[in-house]
Amino acid sequence: MINSQIYNFVNVLDKAADAAWTRNEVINNNLANVDTPNFKRKDVQFETYLLAELEGADSGNLSKVVAGIDLDGLNATSYTDYSNLSYRLDGNNVDVDTENVEFASNQIKYQALLGSITNEFSMIKAALN
């Protein structure tokens, strides 16, 4: 985290990229345990925390809202997903196809976040020149 007002968007994007990275690790763990009896898949919650921080923001004041986000409280959390019923006899609820789709989707999100961070730094560099 960079402590300057000019990096507010970069800091939030950095937190989102960290969450996406954590989600990749969790999905890989789910796939590694696809044959483990009674294993329950895990997932990562971040987007709801970010939406809660951005709640009530209008497009004209987004910079002020982003500046007011508590970055220390904006962290991804991992949780066990008991909501998916297991159709398997061994109690495992990991579905390989679903996990692969989630992994691909998350990879796209992660790459977009890295591109956005790069774009933010490019705009800062252009402003400084």
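The values are calculated or read from the model by the stated rules, or taken from the named source; none is laboratory data. Note that the coordinates shown come from a computational prediction; the quantities given were computed from them, not determined experimentally. No Cβ is skipped: glycine too gets one built from the backbone with ideal geometry, and neighbour counts run over all protein chains shown. When the accessible area is computed, the model is the full protein with side chains, heavy atoms only, and any ligands, DNA or RNA have been set aside. Shrake-Rupley method; radii C 1.70, N 1.55, O 1.52, S 1.80 Å.
Give me the net charge of Ala19's neighbourhood, meaning all other residues with Cβ under 12 Å from the Cβ of Ala19; Lys, Arg count +1, Asp, Glu -1. Surrounding charge for Ala19 is -2.
In whole percents, the pair-distance distribution calculated for the chain from its alpha-carbon pairs, binned every 10 Å from zero, is 12, 34, 28, 17, 8, 1, 0. Between the alpha-carbon centres of segment 1-43 and segment 49-108 there is a gap of 9 Å. Summary value for segment 13-129: 41 percent relative contact order, contacts being C-alpha pairs under 8 angstrom separated by 6+ residues. Note on the chain: dipole from Cβ charges, positive end direction compared against Ser78, Trp21, Leu113; the farthest Cα belongs to Leu113.
At 222 nm, what value in deg cm²/dmol follows for the chain if DSSP H runs of at least 4 each add -39500 (n - 2.57) and the sum is divided by all its residues, to the nearest 500?
Computed ellipticity for the chain at 222 nm equals -19000 deg cm²/dmol.
Atom-type composition of the exposed protein surface of the chain places 54 percent of the accessible area on carbon and sulfur (1.4 angstrom probe).
Surface analysis of segment 43-126 yields an accessible area of 66 Å² per residue, using protein heavy atoms and a 1.4 Å probe. Given the options Ile117, Ile108, Ile27, state which has the largest fluctuation in a GNM of the chain using a 10 Å cut-off (strictly under) for Cα springs. Per the Cα network of the chain with a 10 Å cutoff, Ile108 tops the list.
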